[in-house]
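> First, the structure itself, so that you have it in front of you.
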Amino acid sequence: ELTGSISLYYKTVQNINYSHCQWHGVRQRLTCWFDGPAYITQCPIQAGQSFKYRFTLLNKRGTLFWHAHISWLRATVHGPLIIYPKQGVGYPFQPPVEEHVIILGEYWLRDVRGLERHVKESGGGPPGSDAYTLNGLLGPLHNCSRDDIYTINVTKGKNYLLRIINAALNMEHFFMVANHTMTVVETDGEYTKPFKTTFLMLTPGQTYNVLIKADQSIGKYFMAMAPYMPAKNAPFLKKTSYGILRYASPTVKVDKLARKSHVKTSMTPLEPIIPNVNDTASVQAFSDQVKRLYPNHQWSPVDVPLRIDKTLFFTIGLNGPNGGIFAASVNNVTFRRPTVSLLNAYYNNLQGYYSTDFPDKPEKMYDFVNGAPNNISVDTQPAIGTQVSILEHGWAVQVIFQDTGTVGTEKHPIHLHGFSFYLLGTGLGNYNSSTALLNLYDPPYRNTVGVPVGRWAVIRFRADNPGMWFMHCHLEVHTTWGLSMAFLVKNGKGKMQNLPPPPSDLPLC
């Protein structure tokens, strides 16, 4: 429900060396110990050990998800986290007759831990996945899975809510339903002003809720999951995976269990029109339509911080091979994971595991998007370190994310743990404060922002949650290469503004 506490028992099985769980989108108010990222808030849960996560879902509702947050185990260790409104509150739209969760994923024929080791050792990028999946099913375009098709049965004239989660490891994806228009009503667990669209584009880590009306002729319609890849020369699977939206015949009673079953098709479904794999203009136009729905459907700027205490300018991107190994960075710093959890080091005042001098801005300002290869005047070989950025409790923080083109521009889904934030705007090229247009009236409230290709994005949030909070690219290979950092939010002076002590069963490194 909208407000409630939750305890979850998480045990690592014997055939996995280590794991743990992150509750993506949960703001973990005063429960930083239970956030989950490896070596940031906790050490891994070793094989056969257990750890109970305890946190409160304060003023939260909507579609979130949980996933492993170590190595590349998120590829298969993930699931939905659905929070319904309190009884009597309801949705800000007409209730659907049914709801369906659709998790978009990637699948490799090889073990993903071995794949990660191969990428680290080779120094290059990951090979494209072997399949894309809708709720674990590959669809009819693969020889091994022609009959393994995720299917939703609908009744003509009825409305349905689709909760769509992109849990993929390294790929952004389009989603669409042939001949049907979707109405977006929620993103990242926050209601949005409804708008109609023929497709979605979800970065890894993002969720969308859409209403869809069964208003077409009786038949079958493909639900398509297709790759979006704006980066040049990056290997990826150029294939579409399908599910089916099937209209139930009014004379045939559909068994309840068959609504989500693996269904053999006898009638060829209609195919949707899929955007081009690098159609950045359409993706940007879609993203620009997302606006927050305020209480009582009113426009109000009161929630957006207007007086800024701290402005940060973060360049993000790849730095190219460094000693034969690819690196990625924030402000030219490649993050190195410590050997203990940063939160434990901070709480127990352990010295030598991190420094507090993460740069507020790049050392040099230049044309980030269109050039600056390594040369004498602009050195883009990154420093490697475990540095955190210090935020005073209660500060209003503005972060400017600037995509860089040192290796090549591409989209970066940046996820901030412990907070949701207002996405005030994006723009083409290099950020310029005198010309940037920012939305202070109805900006979307998100937990993952797709920083556009060759563009910038501006977010704001209030640092009112003490602890150590990870910020990273949700393309797992970029996190592996070091495109991440951490914020240390200090304790406040009030009774409910101090980080509690760690739980007794917190895993040790």
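The values are calculated or read from the model by the stated rules, or taken from the named source; none is laboratory data. Keep in mind that this is a model prediction, so the values were computed, not measured. We place every Cβ from the backbone using ideal geometry, glycine too, and count neighbours over all the protein chains shown. Note: areas computed on protein heavy atoms with side chains; ligands, DNA, RNA excluded. Shrake-Rupley method; radii C 1.70, N 1.55, O 1.52, S 1.80 Å.
> By a straight-distance test (C-alpha under 19 Å), which aspartates and glutamates pair with Lys52 as possible cross-link partners, with residues fewer than eight away in the same chain excluded?
Asp35, Asp505
> As I understand it, the value is the acute angle between the Cα axis of helix 112-122 and the longest principal axis of the Cα atoms of the chain; what does it come to in degrees, rounded to 10?
Relative to the chain, helix 112-122 is tipped by roughly 50 degrees.
> Might you report the magnitude of the Cβ-based charge dipole of the chain about its Cα centre, with Lys and Arg at +1 and Asp and Glu at -1, to the nearest 20 debye?
Here the chain has a charge dipole of around 1100 debye.
> Is any residue of the stretch 203-225 close enough, with backbone N under 14 Å, to a label point placed 7 angstrom from the Cα of Ser145 along the Cα-Cβ axis, and if so, which?
Residues 223-225 fall inside that zone.
> Check which residues have an amide H placed less than 5 Å from Leu81's amide H, if you skip close sequence neighbours.
Leu64, Phe65, Trp66
> Pull up the cross-link candidates among the aspartates and glutamates for Lys239, meaning alpha carbon to alpha carbon under 17 Å and not fewer than 8 places away within one chain.
Glu106, Asp130, Asp148, Glu172, Glu271, Asp279
> Separate question: Provide the FRET efficiency to the nearest 0.05 for the Asn348-Ser249 pair, computing r from the beta carbons and using R0 = 60 Å.
Result of the calculation: an efficiency of 0.40.
> Step through the table entries Lys120/Lys490; Lys291/Lys411; Lys213/Lys411; Lys196/Lys232; Lys86/Lys220, compare each Cα-Cα distance with 28 Å, and write down the pairs that go over it.
Cα-Cα > 28 Å for Lys120/Lys490; Lys213/Lys411; Lys196/Lys232; Lys86/Lys220; rest within.
> While we're looking at this one, here's another question. Can you say what percent of the DSSP beta bridges in the stretch 310-489, counting only those with both residues inside, are antiparallel? Round to 5.
70
> Another one. Using the Cα centre of the stretch 310-489 as the reference point, and only Cβ charges (+1 on K/R, -1 on D/E), how large is the resulting charge dipole? Debye, rounded to the nearest 20.
So the dipole magnitude of the stretch 310-489 works out to roughly 160 debye.
> Enter the accessible area per residue of the stretch 310-489 (Å², integer; probe 1.4 Å; all protein chains in place).
35
> Quickly estimate the mean residue ellipticity at 222 nm for the chain, helices only: each DSSP H run with n ≥ 4 gives -39500 (n - 2.57), and the total goes over all residues, rounded to 500.
Theoretical 222 nm ellipticity from helices: -1500 deg cm²/dmol.
> Could you check how many percent of all C-alpha pairs in the stretch 324-475 are farther apart than 27 Å?
26
> Okay, moving on. With a cut-off of 8 Å between alpha carbons and a minimum separation of six or more residues, what is the relative contact order of the chain in percent?
Contact order relative to length: 16 percent.
> Just need log10 I(q)/I(0) for the chain at q = 0.11, 0.12, 0.13 Å⁻¹, Debye formula, equal scatterers on the alpha-carbon atoms, no solvent, rounded to two decimals.
Evaluating at q = 0.11, 0.12, 0.13 Å⁻¹ gives log10 I(q)/I(0) of -0.96, -1.15, -1.37.
> Considering only DSSP beta bridges with both partners in the chain, what is the antiparallel share in %, to the nearest 5?
75
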